[in-house]
Amino acid sequence: MGIQDFSQLRKDYGREQADVIMNITGNIVSGQVNGDTAKQLSERFGKIMQGRESISLNSGKTSISRSKQLESAVPPSKISSLSSGKFVRMVADDPNCKIDLKKIHCEIIKIIMR
């Protein structure tokens, strides 16, 4: 099934059926989308630990503070600002045949063969 936006699915199938369809979907490929669709996709991609570093300067002394924080793997702002040819993807795998890159953010590069 292919849709441009979750709102299309809700319009055509109703909220309840649209939610069922979205919750049983294992493979997702998305280009730029906004609003609720970007938020829902971001939630499906989950969260990852991100390293943070802050530097403070005070009376000639420099201190560096490092921490880790759980943040969205692909934030809604990233999904809503994807350029043409860029997309995010999540694919389902089989427990007996694991996929290393289940979730990716990538760009299509045009290859010209002669």
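The values are calculated or read from the model by the stated rules, or taken from the named source; none is laboratory data. These numbers come from a predicted model, not from an experiment. Cβ: placed from backbone, ideal geometry, glycine included. Neighbour counts: every protein chain shown.
Looking for something in contact with a strand residue (DSSP E or B) (Cβ under 6 Å, 6 or more places away or on another chain), assigned to a loop (DSSP other than H, G, I, E, B) and β-branched (Val, Ile, Thr) - is there at least one such residue anywhere in the range 79-96? No, the range 79-96 contains no residue that is in contact with a strand residue (DSSP E or B) (Cβ under 6 Å, 6 or more places away or on another chain), assigned to a loop (DSSP other than H, G, I, E, B) and β-branched (Val, Ile, Thr).
Taken over the range 58-78, the criterion of being in a loop (DSSP other than H, G, I, E, B) and touching an Asp or Glu at 6+ places or on another chain (Cβ under 7 Å) is satisfied by no residue. Might you check whether a residue that is assigned to a strand (DSSP E or B) and out of contact with any strand residue (DSSP E or B) (no Cβ under 6 Å at 6 or more places or on another chain) occurs anywhere in the range 39-57? Looking through the range 39-57, at least one residue is assigned to a strand (DSSP E or B) and out of contact with any strand residue (DSSP E or B) (no Cβ under 6 Å at 6 or more places or on another chain).
Filter the range 23-38 down to the residues that are in a helix (DSSP H, G or I) and surrounded by fewer than 16 Cβ atoms within 10 Å (Cβ to Cβ), then identify the one that is modelled with the lowest pLDDT. My answer is 23. Checking each residue in the range 56-87 for being in contact with a helix residue (DSSP H, G or I) (Cβ under 6 Å, 6 or more places away or on another chain) and either surrounded by fewer than 10 Cβ atoms within 10 Å (Cβ to Cβ) or of a type in the set (A, V, I, L, M) (or both) picks out 73, 74, 79. Do we have any residue at all in the range 70-85 that's touching a Phe, Trp or Tyr at 6+ places or on another chain (Cβ under 6 Å) and touching a residue at least 12 places away in the same chain (Cβ under 8 Å)? The answer is yes; a qualifying residue exists.
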